[in-house]
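The values are calculated or read from the model by the stated rules, or taken from the named source; none is laboratory data. Since the structure is predicted, the reported quantities are computational estimates derived from the model, not experimental observations. Neighbour counts run over all protein chains shown; Cβ positions are idealised from the backbone, glycine included.
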Amino acid sequence: MKIKKILCSVLLATCMLFSLTACGSSNGSKDAKKADDSSKSGNITVGFSQVGAESDWRTANSTSMKETFSEENGYTLIFDDAQQKQENQIKAIRNFIQQEVDYIVLAPVTETGWDTVLKEAKDAGIPVIIVDRMVKVSDDSLYTAWVGSNFELEGKKAAAWLKAYLDATGRGNEKINIVDIQGTIGASAQIGRTKGLEAACKENKNWTLLAKETGEFTQAKGQEVMESLLKKHGDDIDVVYCENDNEAFGAIDAITAAGKKVGTGKDDILVMSFDSTKTGLTDVKDGKIILDTECNPLHGPRVEEIIKSLEAGKEPDKKQYVDEEVFAAVKDVAKISADGKDYDVTVVTDDVISKRAY
């Protein structure tokens with residue numbers, strides 16, 4: 001009887017042990033397991049907090065990061081989609097810190113509000129690399145490096161092209177009414193592209209900025225805003241300055257639904273855009289978007305270069321700007337100048353589109 005009691009006690013203890021283990025496993029995150037597994041495999045663990053999936057550009061940016069930081073390339077990537085919410089990104093960064101990742105990569109929703117959580121990452125000894133949009137912090141040492149676009153320069157390029165195009169087509173002295181469908185307010189791309197346009201409107205006294213409203217970088221919101229602007233300003237709109245391709249797609253849908261025409265002619269509404277995605281360039285070739293200023297999303301290899309530099313004990317450049325092009329639907333302007341530098345303008349053809357990676 002004693003033997004039976006002992007055996008029963010052992011079996012009961014064993015079952016309880018398995019039960020506790022199972023509970024712990026079910027409550028633990030898969031990402032934490034990935035981080036633990038990577039430490040055993042020798043992979044470099046990268047935690048990436050992405051803004052969301054609001055546009056074609058953002059999707060291409062996420063794909064670039066995922067393809068670069070793959071298991072085959074010696075990395076374990078913990079990817080977090082913030083769904084356009086800064087609080088989700090802050091939570092993700094704190095999770096990355098708890099998981100003791102090797103590097104944190106952040107594509108911030110907005111520029112401000114990062115000091116506290118980035119200090120936590122710094123105190124944990126984890127380098128933070130900022131991509132795409134910039135952050136404004138009280139201490140630049142809170143992040144290791146930034147890679148992305150010069151958004152204000154993009155805006156200046158677009159405005160310089162519009163000025164040159166109007167001059168080339170005999171409209172340089174006409175009154176030009178512009179509406180700006182802005183990106184997410186407070187995002188670096190929105191701030192820079194809006195600044196570029198506003199500066200040009202001050203410089204060109206015959207340009208009037210009728211309105212500026214956020215389209216949140218999405219097609220649905222871009223269409224909604226354009227519908228509203230058409231009701232308010234009717235036939236007065238000459239140019240629609242969309243701060244990304246998806247907003248432009250929505251604006252074009254709204255304009256055509258209202259019985260008006262987008263195009264490149266004098267009586268058409270001129271739609272300008274940013275990003276230069278494959279779909280955007282297709283609309284340029286078809287004359288729906290007259291100008292698309294490039295914003296390159298393929299940051300994965302650039303971030304990897306920074307990480308490799310840090311792994312080798314080197315100090316990377318604090319800010320790294322990406323070289324970008326200008327694409328037009330017409331041949332009227334071959335070259336523009338912005339910030340004292342000349343830029344070629346590429347007319348979009350099928351060949352240009354076929355070579356586009358995103």
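Taking the options Leu230, Leu210, name whichever one is more than 22 Å from Gly196 (Cα to Cα) and of a type outside the set (Val, Ile, Thr). So that I can check it myself, show each step before the final result.
Working: Leu210 fails: more than 22 Å from Gly196 (Cα to Cα).
Among Leu230, Leu210, only Leu230 is more than 22 Å from Gly196 (Cα to Cα) and of a type outside the set (Val, Ile, Thr).
Assuming Gly287 fulfils every condition listed in (1) over 22 Å from the mean Cα position of the chain (by Cα); (2) free of Cβ contacts under 8 Å to residues at least 40 places away in the same chain apart from one, which condition is it?
Just one mismatch for Gly287, condition (2).
Rundown of residues vs (1) in the same structural domain as Asn61 (by TED's automatic domain parsing); (2) β-branched (Val, Ile, Thr); (3) assigned to a loop (DSSP other than H, G, I, E, B), yes/no style:
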site	(1), (2), (3)
Val105	yes, yes, no
Thr110	yes, yes, yes
Gly113	yes, no, yes
Leu118	yes, no, no
Ile129	yes, yes, no
Arg133	yes, no, yes
Ser138	yes, no, yes
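For the range 307-324, name all the residues that are of a type in the set (A, V, I, L, M, F, W, C) and within 19 Å of the chain's Cα centre (by Cα).
The initial filter retains those residues of the range 307-324 that are of a type in the set (A, V, I, L, M, F, W, C), namely 307, 310, 312, 322.
Scanning the range 307-324 gives a single hit, Val322.
Could you list all residues from the range 114-145 that are among the aliphatic types (A, V, I, L, M) and over 26 Å from Ser64 (Cα atoms)?
Applying the first criterion (among the aliphatic types (A, V, I, L, M)) to the range 114-145 yields 117-118, 121, 124, 126, 128-131, 134-135, 137, 142, 145.
Listed by number, the residues that qualify are Ala124, Val137.
Being surrounded by 24 or more Cβ atoms within 10 Å (Cβ to Cβ), within 23 Å of Val46 (Cα to Cα) and either of a type in the set (A, V, I, L, M, F, W, C) or in contact with a Cys (Cβ under 6 Å, 6 or more places away or on another chain) (or both) is the requirement here; does Phe151 meet it? Step through it out loud before you land on a result.
Values: surrounded by 24 or more Cβ atoms within 10 Å (Cβ to Cβ): yes; within 23 Å of Val46 (Cα to Cα): no; either of a type in the set (A, V, I, L, M, F, W, C) or in contact with a Cys (Cβ under 6 Å, 6 or more places away or on another chain) (or both): yes.
Spelling it out, it is not the case that Phe151 is surrounded by 24 or more Cβ atoms within 10 Å (Cβ to Cβ), within 23 Å of Val46 (Cα to Cα) and either of a type in the set (A, V, I, L, M, F, W, C) or in contact with a Cys (Cβ under 6 Å, 6 or more places away or on another chain) (or both).
Of the residues Asp283, Asp317, only one is in the same structural domain as Thr349 (by TED's automatic domain parsing) and of a type outside the set (S, T, N, Q); which? Before you say what the answer is, go through the steps one by one.
On the way: Asp317 fails: in the same structural domain as Thr349 (by TED's automatic domain parsing).
Going through Asp283, Asp317 in turn, just one is in the same structural domain as Thr349 (by TED's automatic domain parsing) and of a type outside the set (S, T, N, Q): Asp283.
Output the number of residues of the range 67-88 satisfying the condition of being touching a strand residue (DSSP E or B) at 6+ places or on another chain (Cβ under 9 Å) and part of a helix (DSSP H, G or I).
2
Would you mind finding the one in Asn173, Asn177 that is among the polar types (S, T, N, Q), loosely packed, with under 15 Cβ neighbours inside 10 Å, at pLDDT 95 or above and not in a helix (DSSP H, G or I)? Working first, answer last.
Working: Asn177 fails: loosely packed, with under 15 Cβ neighbours inside 10 Å.
Result of the check over Asn173, Asn177: Asn173.
If Lys91 satisfies all but one of (1) in contact (Cβ under 8 Å) with a residue 12 or more places away in the chain; (2) part of a helix (DSSP H, G or I); (3) surrounded by fewer than 16 Cβ atoms within 10 Å (Cβ to Cβ); (4) not β-branched (Val, Ile, Thr), what's the number of the condition it fails?
Among (1) in contact (Cβ under 8 Å) with a residue 12 or more places away in the chain; (2) part of a helix (DSSP H, G or I); (3) surrounded by fewer than 16 Cβ atoms within 10 Å (Cβ to Cβ); (4) not β-branched (Val, Ile, Thr), the lone unmet condition for Lys91 is (1).
Which residue pairs have Cβ atoms under 7 Å apart, sit 6 or more places apart or on different chains, and have a first residue in the range 58-71 that is more than 17 Å from Gln83 (Cα to Cα) and a second that is at pLDDT 95 or above and of a type in the set (Ser, Thr, Tyr)?
Within 7 Å, the pairs are Phe69/Tyr75.
Could you check the range 330-350 and list, in sequence order, the residues that are without any contact (Cβ under 8 Å) to a residue 12 or more places away in the chain, assigned to a loop (DSSP other than H, G, I, E, B) and in contact with a strand residue (DSSP E or B) (Cβ under 9 Å, 6 or more places away or on another chain)?
Ala334
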